[in-house]
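As structure tokens, the structure follows; a few thoughts come after it.
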Amino acid sequence: MTQSNIELNYEAAKQQYAQYGIDVDKALEKLAQIKISMHCWQGDDVRGFLNRDQELTGGISVTGSYPGAARTPDELRADLEKAFALIPGKHKVNLHAIYADTNEKVELDQLEPKHFQGWVNWAKEQGLGLDFNPTCFSHENSKDGFTLSHPDPEIRKFWIDHCKASRKIGAYFGEQLGQTCVTNVWVPDGFKDTPVDRMAPRKRLKESLDEVFEEPLNPAHNLDAVESKLFGLGSEAYVVGSHEFYMGYGIQNNKLICLDAGHFHPTEVISNKLSSLALFSDGILLHVSRPMRWDSDHVVVLDDELIDIGRELVRHDLLGTTHIGLDFFDASINRVAAWVIGTRNTIKALLKAMLEPVDALKQAELEGDYTTRLALTEEFKTYPFGAIWDYYCAKQGVPVREEWIAQVKQYEREVLTKRG
Ligand code: RNT
Ligand code: ZN
């Protein structure tokens, strides 16, 4: 599409939205401020650079053998740069502890900020923020399925120390980059089959977390988050860190609660949880993902649930306090494309929500006019959202519509297929 077509379509579309008092230019300004935390682990199938010989455990499963997975920090950064060049806006990168950039043989409980200096330098140069996660899986000390709630105090201590070290790294990111880092604790702990004692592991997890979070850190540098799960592969019967567990823990201890779209019963959606959680907490962390029949972490598409997440964040003005992270991994398609598709879709969902006649819809609802509520909602689905999105991409200097695919294909030919 030519520049003048994009602008013509934009101006025409803008007028249609203006009839409902929707200020499109203002919406785009707001959209440009929103940072999505793009997860590094889509780039190499959650392998990381420490302990690369360990198998992937913790119930996380990546399928597919598409060529080109990143093998080094430099390769991963190059792939991330490629993806960011095709995504409008300035964003963040979400790292896991196993992505340390070091030649040292260092254990997880001994990690220090210096092991991530390469990432910090790169983030500064690229104008990106960083988020962080302790890696409590794919390790000798987690092989029987327990970490922070392990019955053995020595193993527990190892994971407590790893989580403490992770918070310090997070705080370093925040301080160095002048952007708050969210450090998110997720542990795979749970039983494959029905436990006798559901309480003791939860009590141990609670005590371990208390130790992990003992040292206060500057909230401008680091915010802690905790992520629950309903079940996993190998923890089908019982997960220690359930939703109720972390709802309680997070609210009581002023921690962000992380809602992962794949971590609930298949008929439950996280979009319906935001308006409740927001009434009781100062902030929320999201892991935007796409479960298909289970917590399968498919690449995020612009489906009803993603659109609903966008609507909830926009309608209740939660964008300022919600940290939007992505969490999916697909090794059956080009990994850079996976990032681009999922991240562009997440931004689209937010924009789509900003372009709805929320005032008119709320008014109809208040008056009990559910006919108008439904009719207007449906009619707005075919309003010219695409013209606004195209203009936004052009204005942000990234490819419009499917133009980006050719760039990913070229990168695949020139870079990805050359990797062994
Ligand atoms: C696992 C959790 C967790 C991980 C990442 C790699 O079920 O969703 O967030 O996917 O930390
Ligand atoms: Zn997650």
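So here's what we get for this one:
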{"quantity": "Protection proxy ranking of 344-350, 371-377, 72-78 - average other beta-carbon atoms within 10 Å, highest first", "calculated": "344-350, 72-78, 371-377"}
{"quantity": "Student exercise, the chain dipole from Lys, Arg, Asp, Glu Cβ charges, in Debye to nearest 20", "calculated": "540"}
{"quantity": "For the chain, built as a Gaussian network whose Cα springs stay under 10 Å, the top-fluctuating residue of Ala13, Ala70, Ala83", "calculated": "Ala13"}
{"quantity": "Relative contact order of the chain, pairs being alpha-carbon contacts under 8 Å that are 6 or more residues apart, as %", "calculated": "20"}
{"quantity": "Under Karplus coefficients 6.51, -1.76 and 1.60, residue-wise ³J(HN,Hα) of region 99-109 in Hz, glycine/proline x", "calculated": "8, 3, 9, 7, 8, 5, 8, 10, 7, 4, 7"}
{"quantity": "Tensor-based shape of region 35-356 (alpha-carbon gyration tensor, a/c under 1.5 rounded, otherwise prolate or oblate)", "calculated": "rounded"}
{"quantity": "Built amide H within the under 5 Å cut-off of Leu326, gap 5+", "calculated": "Ser37, His39, Val288"}
{"quantity": "Note, ³J(HN,Hα) from phi for region 342-350, Karplus 6.51, -1.76, 1.60, rounded to Hz, x at Gly and Pro", "calculated": "x, 6, 4, 5, 5, 5, 4, 4, 5"}
{"quantity": "Residues with amide H under 5 Å from that of Gly232, placed H, sequence gap 5 or more", "calculated": "none"}
{"quantity": "Charge-dipole axis of the chain as Lys and Arg at +1 and Asp and Glu at -1 on Cβ define it, positive-most pick from Asn103, Ser61, Gly386", "calculated": "Asn103"}
{"quantity": "Most to least packed among 182-188, 5-11 [average Cβ atoms within 10 Å]", "calculated": "182-188, 5-11"}
{"quantity": "Top of Lys143, Lys90, Lys164 by mean-square fluctuation, Gaussian network on the chain, Cα under 10 Å", "calculated": "Lys143"}
{"quantity": "Approximate spin-label separation Lys90-Asn103, in nm, with each point projected 7 Å along Cα-to-Cβ", "calculated": "3.4"}
{"quantity": "Burial order of peptide ranges 211-217, 327-333 (average beta-carbon count within 10 Å, highest first)", "calculated": "327-333, 211-217"}
{"quantity": "Amide hydrogen neighbours beyond the local backbone of Thr135, cut-off 5 Å, H modeled", "calculated": "Ala97, Ile98"}
{"quantity": "Cα-based shape type of region 1-155, given that a ≥ b ≥ c are square roots of the gyration tensor eigenvalues and the cut on a/c is 1.5", "calculated": "prolate"}
{"quantity": "Positive-end residue of Val288, Leu351, Ser149, charge dipole of region 35-356 with Cβ unit charges", "calculated": "Leu351"}
{"quantity": "Under the Karplus curve 6.51 cos²θ - 1.76 cosθ + 1.60, θ = phi - 60°, whole-Hz ³J(HN,Hα) for region 137-153, x wherever Gly or Pro sits", "calculated": "7, 6, 8, 3, 7, 10, 5, 8, x, 10, 10, 5, 10, 4, x, 7, x"}
{"quantity": "Within region 276-329: Cβ-based charge dipole about Cα centre, in debye rounded to nearest 20 (Lys, Arg +1; Asp, Glu -1)", "calculated": "40"}
{"quantity": "Alpha-carbon centroid distance for the pair region 313-389 / region 255-288, whole angstrom", "calculated": "16"}
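Where a number appears in this text, it was derived from the coordinates with a stated rule and is not lab data. As the structure is a computational prediction, the values presented were derived from the model and not from experiment. Here the Cβ is made from the backbone with ideal geometry for all residues, glycine too, and neighbour counts use every protein chain on show.
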